[in-house]
Amino acid sequence: MKYRIFNDRARMLAQRAWTERERRVVWRGLTGRFAIAIEPLLGLIFMIFLTWGIVYRSQHVPDDRDLIKIAWIFAIGAIAFLGYFIAVLVAPFLAYLQTFKPIYVIDGYVRYREPDEASDLDGVGYVATLFEDRSIACEWECFGTKKLPNKTIPALVEFSVFAGIHRIDGRSTGLLPEDLPPLAIGIAPRRGTHPQ
């Protein structure tokens, strides 16, 4: 989710730590992604083993000295699997690290607005938390199927800079599901839209 911080005052807001339940939901998402990352991890181990085996054989078997010429092919394969492994895990790992940062609480406004020329192609608009003087604390781009209207509502808002708005007037926005199945397998991806 893309976000923008417009005002340094947001860092001086009331804040709370993530609850264990909230952190556990994000941890389950990370473990679910790790279950998917087993494939590139196994590919990485296999390619490293092949590369090492070829290099070892070329150095210890006199008739196979020329075999080392193909070791680079498997080494490139190992690098590709390492990149795939990192790409699968980087986003959920960063999300889990964010659970150690505060959730901010603001008694102000929530503003929805339509997409603009800077929006992504699949962006449906923006949602922002506003201070009581209606200056912007933080804004996030939303993705989904329904375009957001231009609308501002007074609200008590809980938000984290990385994730978005967690609660509006004490009601969950669905940003964090109440519970995830084991390894977070079988859930539809959440694209950052907020209820109005």
Problem set entry | Test result for Trp27, touching a residue at least 60 places away in the same chain (Cβ under 8 Å) and either within 28 Å of Val127 (Cβ to Cβ) or out of contact with any His (no Cβ under 8 Å at 6 or more places or on another chain) (or both) | yes
Exercise. So Val124 clears everything in (1) modelled with pLDDT of 90 or more; (2) crowded, with 20+ Cβ neighbours inside 10 Å; (3) within 22 Å of the chain's Cα centre (by Cα) except one condition, right? Which one?
Worked result: (1)
Seminar exercise, completed: Tyr112 meets each of (1) surrounded by 14 or more Cβ atoms within 10 Å (Cβ to Cβ); (2) of a type in the set (Phe, Trp, Tyr); (3) out of contact with any Pro (no Cβ under 9 Å at 6 or more places or on another chain) with one exception, condition (3)
For this session: Evaluate segment 38-56: report whether one residue or more is under 30 Å from Leu175 (Cβ atoms), exposed (fewer than 14 other Cβ atoms within 10 Å of the Cβ), modelled with pLDDT of 90 or more and not hydrophobic (A, V, I, L, M, F, W, C).
Result: yes
Exercise. So is Arg111 charged (D, E, K, R), in a helix (DSSP H, G or I) and over 19 Å from the mean Cα position of the chain (by Cα) or not?
Worked result: no
For this session: For residues that are surrounded by fewer than 15 Cβ atoms within 10 Å (Cβ to Cβ) and of a type in the set (A, V, I, L, M), tally how many sit in segment 12-35.
Result: 4
Exercise. Restricting attention to segment 89-96, does a residue exist that is farther than 18 Å from Ala17 by Cβ, assigned to a loop (DSSP other than H, G, I, E, B) and either in contact with a Lys or Arg (Cβ under 7 Å, 6 or more places away or on another chain) or at pLDDT below 95 (or both)?
Worked result: no
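The values are calculated or read from the model by the stated rules, or taken from the named source; none is laboratory data. Model, not experiment: these values are computed from the prediction. Note: ideal-geometry Cβ built from the backbone for every residue, glycine included; neighbour counts use all protein chains shown.
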